[in-house]
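First the structure, in the form of structure tokens, and then the observations on it.
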Amino acid sequence: MLYYSLNKNAPVVDFKTATIAGQAPDKGLYFPQSIPQVNKKLLNDIENYSNAAIAYEVIKPFVGDVIPDDLLKKIVEETVNFDIPLVQVTRNIYSLELFHGPTLAFKDIGARFMSRCLGYFAKEKTEKIVVLVATSGDTGGAVANGFYDVAGIEVVILYPSEKVSSVQEKQLTTLGKNIHAIEVNGSFDDCQKMVKETFMDENLKQQVFLTSANSINVARWLPQQFYYYFLWRQWQDKNIPPTVAVPSGNFGNICAGLLAQKAGLPIKHFIAACNANDTVPEYFNTGIYRPTKAIATISNAMDVGDPSNFVRILKMFDNKNNDLKNSLSSVSITDEATAETLLKVFKQTNYLLDPHGAVAYTALQLYLTNNPTEKGVILETAHPVKFYDVIEPIINEQVTIPAAIAAQLKLEKKSFKMEAVGGKWREWVVGMG
Ligand SMILES: *Cc1c(COP(=O)(O)O)cnc(C)c1O
């Protein structure tokens, strides 16, 4: 498989080059030259495949020959070696729990896959690879955990000060070794901008070998297709394919789902559930894409005003608006409605949503009201305990904190504070090389 830049001003590259580079030299996002159709046998016989076997089948055409088969099999096994259960919540609403990995969020899957691929590619390099990543909350922990102690790689995580939850902050600031946390006095978009500007600094790039672990990296984006197949494997009523509501921020997760659908996976419809950051819902309303400054909400991992992956979605539908609208709709949910859903679902079903899952749940309920014969799934993207500080006042009850998290909360935070503009960021990055 070859990848081209969506800005169309850079050479096509293989999976290895796309992974190491993160972004194309013309600043565009990499996109596969074709979308390989999924093996019909896999779809028809999916109950007889293990999760690792599904993952291998799905990713193999995208990776091609740049990773030996036995190693690729090992990488996908390690990537999905935890439960991803489909749990029924009500008669027509299910939850696909993506939070049983080491940092309790779906980002573990992309981060684990990418870190292992990059670790393999780094072996052939003599210089250090510096991975830069901006996080709105959960990416940081997942990337830190995935890359911890991987030889030849330094990881620099930028996060917005006081805009991530306490569990999230501890997950990315307490590991040490090759993991470095930068606490930025600003928003997630500021962090993302700092990373983007660093990649445009040709002079700096001569001094340090840089790559990004944000969801724009194909090695993080593509493995997110896996669990849409795991959902299908567990889906009972194969005659009525599910509608899937995805809590969306940077739109990497839902973009992977749409890719799987294009490859032939039966998904009826996708709902991009957003919080007050409504750039994409507004695009669907008005036809105008107008990036804004991010607004802080209780579903903080989705506080993104200019979602990077949306250009990939537009590309997938080649600006065919009707096809796009058949596959995807998008809605903005307020914090008040999110909190109300969280409380109501907990009281009525005893199922505790996290705030991101609650945004999706609210959006799915709206959709099912208008489409009562359908069945829907929310992607539950994080364990509620990650957001106990938000949830406890809503349900007026304490959330039980697992022992591993309680221990982590006691560890000492180590971060470097930095201003979003005019700080010592550049010098800092050079020092990493
Ligand atoms: C990152 C994140 C999201 C948003 O995912 P995108 O791929 O950026 O759209 C949603 N929920 C949680 C818990 C997250 O960590």
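Since every read-out is calculated from the coordinates, none of them should be taken as a lab result. Predicted model, so just to flag it, every value in this text is computed and none were measured. Don't worry about glycine lacking a Cβ; one is built from the backbone with ideal geometry, like all the others, and counts go over all protein chains shown.
When a/c is below 1.5 the answer is rounded, else prolate if a/b is larger than b/c, else oblate, so apply that to segment 36-192 with a ≥ b ≥ c taken from the square roots of the Cα gyration tensor eigenvalues. Before the final figure, lay out the partial values.
Values: a/c = 2.43, a/b = 1.27, b/c = 1.91.
Oblate is the answer for segment 36-192, as a/c is 1.5 or above yet b/c matches or exceeds a/b.
Under a GNM of the chain (C-alpha, springs under 10 Å), which listed residue has the highest mean-square fluctuation: 311, 164, 359?
Of 311, 164, 359, the most mobile in the Gaussian network model is 311.
Just flag the GluC sites (Glu not before Pro) in segment 148-242 sitting in loop per DSSP whose Cβ has no more than 11 other Cβ atoms within 10 Å.
Values: sites: 154, 162, 169, 183, 197, 202; in loops: 162.
Taking segment 148-242 and a limit of 11 other Cβ atoms within 10 Å, the loop GluC sites (Glu not before Pro) found are 162.
Normalized C-alpha radius of gyration of segment 111-153, against 2.2 N^0.38 Å? Could the numbers behind the result be given before it?
On the way: Rg = 10.4 Å, N = 43, 2.2 N^0.38 = 9.2 Å.
Normalised Rg, Cα atoms only: 1.14.
Express in nm, to one decimal, how much length is gained between residue 374 and residue 17 on full extension, taking 0.36 nm for each residue of separation and deducting their alpha carbon distance.
Numbers: separation 357, 0.36 × 357 = 128.52 nm, distance 4.21 nm.
My answer for the length gained is 124.3 nm.
Among DSSP beta bridges whose residues both lie in the chain, state the antiparallel percentage, nearest 5.
Numbers: 8 of 46 bridges.
Bridges in the chain that DSSP calls antiparallel: roughly 15 percent.
In percent, what relative contact order does the chain have, based on Cα pairs under 8 Å that are 6 or more apart in sequence? Present the calculation step by step, with values, prior to reporting the outcome.
Values: 848 pairs, mean separation 81.0, N = 433.
Here the relative contact order equals 19 percent.
Once you have the Kirkwood Rh of segment 1-48 from its Cα pairs, apply Stokes-Einstein at 10 °C and 1.306 mPa s and quote D in µm²/s. Could you put the intermediate results ahead of the total?
Working: Rh = 12.1 Å.
D, rounded to a whole number, is 132 µm²/s.
How far is the Cα center of segment 1-72 from the Cα center of segment 135-154, in Å?
22
Taking segment 40-90, which GluC sites (Glu not before Pro) meet the DSSP loop condition and have no more than 11 other C-beta atoms within 10 Å?
Numbers: sites: 47, 57, 77, 78; in loops: none.
Passing sites in segment 40-90 do not exist.
How big, on average over all directions, is the shadow cast by the Cα convex hull of the chain, in nm²? It would help to have the intermediate numbers written out before the result.
Values: hull surface 77.7 nm².
Hull-based average projected area comes out at 19.4 nm².
Please state the charge dipole magnitude for the chain, taken about the Cα centre, from unit charges on C-beta atoms (+1 on K and R, -1 on D and E), reported in debye and rounded to the nearest 20. Don't jump to the answer; show the numbers that get you there.
Working: 42 positive and 45 negative charges, 137 e Å.
Here the size comes out at about 660 debye.
Separation between the residue 7 and residue 100 pseudo-spin-labels, each 7 Å from Cα along Cα→Cβ, expressed in nm?
4.2
How big is the gap, in Å, between the Cα center of segment 373-432 and the Cα center of segment 176-223?
Centre-to-centre distance over Cα atoms comes out at 18 Å.
Relative to the present Cα-Cα distance, how much length would full extension add between residue 289 and residue 88 at 0.36 nm per residue of separation?
68.8 nm
As a quick test, which of the pairs 170/293; 40/268; 193/268; 107/268; 107/413; 293/417 have an alpha carbon distance above 29 angstrom in this structure? Mind showing how you got there, number by number?
Working: 170/293 26 Å; 40/268 18 Å; 193/268 35 Å; 107/268 24 Å; 107/413 21 Å; 293/417 22 Å.
Violating the 29 Å Cα-Cα cut-off are 193/268.
Under a point spin-label approximation (7 Å from Cα along Cα-to-Cβ), what is the residue 53-residue 347 distance to one decimal in nm?
4.7
Can you list residues from other chains, or at least 5 along the same chain, whose modelled amide H is less than 5 Å from the amide H of residue 245?
So residue 245 has HN proximity to 271, 377, 378, 379.
Classify segment 52-99 from the C-alpha gyration tensor, please: rounded if a/c falls under 1.5, else prolate or oblate depending on whether a/b exceeds b/c. Could you put the intermediate results ahead of the total?
Values: a/c = 4.67, a/b = 2.68, b/c = 1.74.
Prolate, since a/c reaches 1.5 and a/b exceeds b/c.
For the chain, what does the helix formula give at 222 nm: sum of -39500 (n - 2.57) over DSSP H segments with n ≥ 4, over the residue count, nearest 500 deg cm²/dmol? Walk me through the numbers on the way to the answer.
Numbers: 20 runs with 189 residues, N = 433.
Calculated mean residue ellipticity at 222 nm is -12500 deg cm²/dmol.
Taking the Cα of residue 401, stepping 7 Å toward and past its beta carbon, and measuring to each backbone N in segment 125-167: which are under 17 Å?
It comes to 164-167, nothing else.
Only Cα pairs within less than 10 Å get springs; with that Gaussian network setup on the chain, which residue of 286, 173, 243 has the largest fluctuation?
Ranking 286, 173, 243 by mean-square fluctuation puts 286 first.
Given axes a ≥ b ≥ c from the Cα gyration tensor, I'd like to know whether segment 290-433 is rounded (a/c under 1.5), prolate (a/b larger than b/c) or oblate. Could the numbers behind the result be given before it?
Values: a/c = 2.45, a/b = 1.15, b/c = 2.14.
Oblate shape, in that a/c is at least 1.5 and b/c is the bigger or equal ratio.
Taking H placed 1.01 Å from N in the peptide plane, check which residues at least 5 places from residue 330 or on another chain put their amide H under 5 Å from its amide H.
272
Sort 428, 221 so that the residue with the fewest other Cβ atoms within 10 Å of its own Cβ comes first and the one with the most comes last.
Numbers: 428 14, 221 26.
The order, fewest Cβ neighbours first, is 428, 221.
For Cα pairs less than 8 Å apart in space and 6+ apart in sequence, what is the mean separation divided by the residue count of segment 130-259, i.e. the relative contact order in percent?
Values: 165 pairs, mean separation 32.4, N = 130.
Normalised by residue count, the contact order of segment 130-259 is 25 percent.
Compute the length gained on full extension between residue 123 and residue 240: take 0.36 nm times their separation in residues and subtract their Cα-Cα distance, giving the result in nm to one decimal.
37.5 nm
Which of the trypsin sites (Lys or Arg not before Pro) found in segment 230-283 are loop residues per DSSP with 15 or fewer other Cβ atoms within 10 Å of their Cβ? Don't jump to the answer; show the numbers that get you there.
Working: sites: 233, 238, 262, 268; in loops: 238, 268.
Passing both the DSSP loop test and the Cβ count: 238.
Which of 404, 53, 151 moves most in a GNM of the chain, Cα contacts under 10 Å?
In the Gaussian network model the winner is 404.
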